[in-house]
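The values are calculated or read from the model by the stated rules, or taken from the named source; none is laboratory data. None of these values were measured; they are calculated from a predicted model. Here the Cβ positions follow ideal geometry from the backbone for every residue, glycine too, while neighbour counts run over all protein chains shown.
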Amino acid sequence: MAKKGKKEKSTYSICPECGGERLIRDYERGEIICATCGLVITENIQDTGPEWRAFDADQKAKRARSGAPTKLMRPNKGLVTEINLYNKDIKGTKISSRQQGQLRRMRKWHKRISIATSVEKNLAIALAELDRVASALGLPDSIKENAALLYRKAVKDELVRGRLIESVVAAIIYTVCRMNDIPRTLDEISKASGIEKKEIGRAYRFLKKELDVGIPLPDPSIYVPKFATVLGLSPKVQKKAMEIIKKAIEKGLISGRGPTGVAAAAIYIASALLGERRTQKEVADVAGVTEVTIRNRYRELKKELNLDVNL
């Protein structure tokens, strides 16, 4: 018979005696028991959960013995004591003016000590800028953490010295977006960061070479849904544009070509083929490329893929 105690059902294993899948974990006695035949399958199991209970968020925060996970987006990775700004004691009573003055001095010196070296100052400026630009681009926290890790590696290898922090941050964000197939163009990053495209591109090529980052070949199809949505095109046009890009990749036509230019040309062709035509200027404005680029990519795709389209 199954023994009494704190019990939890589990279905990740089966009973070796009867083949039953309904097992019970008895943490009070440290046993795993088959609910069908009563066989004690395992003894002396460990309870990995806490030995305390919490009935609300405040109790959980007070009783937990570990803090929040480290965050690369913070200069000190979150592993530092902070002096709050509430100016109240443990009972919630407002402290005296004299004590408030002491706390202000403590905060000031605490901040100076926390950011003392040139590397810490660099990280404080760069990570704040990274958070600002990434937030403006709508990037998730996971991408911010990846970008922060890459920037820390660049600082460790002394690749930032002599370069504008903002341009390196923008290049790092562009690199991480490319690595994770996130459709963010150089134009978008340039607008969000306030740095010229040429400067970002120069920093990107330098970091790519020095950090030996494995960046896959750009896939123009990741930009198609974004561009098509802004242009108000139907899913059929998006599908057709992706088919054109797939054929272009198979024939090796995108090598050395900007992914946004290829995506823009594919959308331009697909919209004409399916009767939802958009002008070159409309597509160019959305994709952040010139009309000349679209015409060049259009001629290449039409010739190499034998597309029957007249524009």
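Observations on the model:
- The residues of the range 291-311 that are surrounded by 14 or more Cβ atoms within 10 Å (Cβ to Cβ) and assigned to a loop (DSSP other than H, G, I, E, B), listed by number, are Leu305, Leu307.
- Out of Gly101, Gly49, one residue alone is at pLDDT 80 or above, of a type in the set (Gly, Ala, Ser) and more than 27 Å from Arg152 (Cβ to Cβ). It is Gly101.
- Some residue of the range 235-246 being buried (at least 22 other Cβ atoms within 10 Å of the Cβ), under 30 Å from Leu150 (Cβ atoms) and either in contact with a Cys (Cβ under 8 Å, 6 or more places away or on another chain) or at pLDDT 90 or above (or both): yes
Results for (1) on the phi < 0 side of the Ramachandran plot; (2) modelled with pLDDT of 90 or more; (3) of a type in the set (S, T, N, Q), shown as yes or no for each residue.
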{"position": "Leu217", "(1), (2), (3)": "yes, no, no"}
{"position": "Ile249", "(1), (2), (3)": "yes, no, no"}
{"position": "Ala264", "(1), (2), (3)": "yes, yes, no"}
{"position": "Gly288", "(1), (2), (3)": "no, no, no"}
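- Look at the range 106-131: where a residue is closer than 20 Å to Ala148 by Cα and a partner is among the acidic types (Asp, Glu) and at pLDDT 80 or above, sitting 6+ places away or on another chain with Cβ atoms under 7 Å, you get Glu129/Glu166.
- Flag for Gly256 being on the phi > 0 side of the Ramachandran plot and either in contact with a strand residue (DSSP E or B) (Cβ under 6 Å, 6 or more places away or on another chain) or surrounded by 14 or more Cβ atoms within 10 Å (Cβ to Cβ) (or both): no
- Residues of the range 274-293 that turn out to be farther than 14 Å from Leu231 by Cα and among the β-branched types (Val, Ile, Thr), as a count: 4
- Near pairs, Cβ below 7 angstrom, 6+ apart or cross-chain, from the range 35-47 (on the phi > 0 side of the Ramachandran plot) to any residue that is modelled with pLDDT under 85: Gly38/Met1; Gly38/Ala2; Asn44/Gly30
- Residue, farthest from Glu188 (Cα to Cα), within the range 248-286, restricted to residues that are among the polar types (S, T, N, Q) and over 30 Å from the mean Cα position of the chain (by Cα): Ser271
- Residues in the range 255-311 that are free of Cβ contacts under 8 Å to residues at least 40 places away in the same chain and among the charged types (D, E, K, R): Arg277, Lys281, Asp285, Glu291, Arg295, Arg299, Lys302, Lys303, Asp308.
- Some residue of the range 247-268 being aromatic (Phe, Trp, Tyr) and outside the structural domain of Lys156 (by TED's automatic domain parsing): yes
- Complete set of residues in the range 250-290 that are out of contact with any helix residue (DSSP H, G or I) (no Cβ under 8 Å at 6 or more places or on another chain) and assigned to a helix (DSSP H, G or I): Glu250, Ala272, Asp285
- Filter result for Leu159 (more than 20 Å from the chain's Cα centre (by Cα) and either within 21 Å of Glu145 (Cα to Cα) or of a type in the set (A, V, I, L, M) (or both)): yes
- Residue in the range 157-166 that is over 16 Å from Lys226 (Cα atoms) and part of a helix (DSSP H, G or I) present: yes
- A search for C-beta distances below 7 Å between a residue of the range 216-240 that is charged (D, E, K, R) and any residue that is surrounded by 14 or more Cβ atoms within 10 Å (Cβ to Cβ) and outside any loop (DSSP other than H, G, I, E, B), counting only pairs 6+ apart in sequence or on different chains, returns Asp219/Pro259; Lys240/Ala270; Lys240/Leu273.
- Checking the stated criteria, Leu72 turns out to be under 30 Å from Ile195 (Cα atoms) and either part of a loop (DSSP other than H, G, I, E, B) or more than 20 Å from the chain's Cα centre (by Cα) (or both).
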